[in-house]
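The block underneath contains the structure these notes are about, expressed in structure tokens.
The values are calculated or read from the model by the stated rules, or taken from the named source; none is laboratory data. Bear in mind the structure is a predicted one, so any value in this text is a computation, not a measurement. Just so you know, the surface numbers come from the protein's heavy atoms only, side chains and all, with ligands and any DNA or RNA stripped out. Shrake-Rupley method; radii C 1.70, N 1.55, O 1.52, S 1.80 Å.
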Amino acid sequence: GQQIGSLKRVAGATIAGEKPMTKKQKRELKPHRAPTAFNLFMKSEVAKVKAEQPGLAPKEVFTACAARWKAAKEKEGSLHSTPPPSKKEKHKDKSHKKDKKDKSSKIM
């Protein structure tokens, strides 16, 4: 990020007649996202696959890594006795929802 003295520039702010920040400068100030489990897995697996099969095309390397990810997720999923509830099931019995009124009872 950009620091001026003890003040850090904020997106869209101008200091003493300076130009507003560019999109690139704003983007640089944003904190980076933490890598997901998939990102971390792919980083390590790509290196392993390249070491095992150095002549493989990049597309084939990622295909092999994706297959390994799928197998790892299926293996991990088999450890759970019951699958996690779907969003519909999780919110099925919420009492805060308004009752839907019967439209046929309205007088037109």
Next on the checklist: Restricting to the range 25-65, and then to whatever is more than 24 Å from residue 76 (Cα to Cα) and among the basic types (Lys, Arg), can you tell me which residue is nearest to the chain's Cα centre (by Cα)?
Outcome noted: 33
Checklist entry - Looking at the range 51-66, which of its residues are among the hydrophobic types (A, V, I, L, M, F, W, C) and open to solvent by 60 Å² or more (accessible area, probe 1.4 Å)? => result 51, 62
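Mind listing whichever residues of the range 45-57 are more than 14 Å from residue 67 (Cα to Cα) and in a helix (DSSP H, G or I)? If you could, list the steps in order and put the result at the bottom.
The first filter runs over the range 45-57 and keeps only residues more than 14 Å from residue 67 (Cα to Cα), leaving 47, 50-57.
Within the range 45-57, 47, 50, 51, 52 qualify.
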Next on the checklist: Given the criteria outside any helix (DSSP H, G or I) and at pLDDT 85 or above, does residue 32 qualify?
Outcome noted: yes
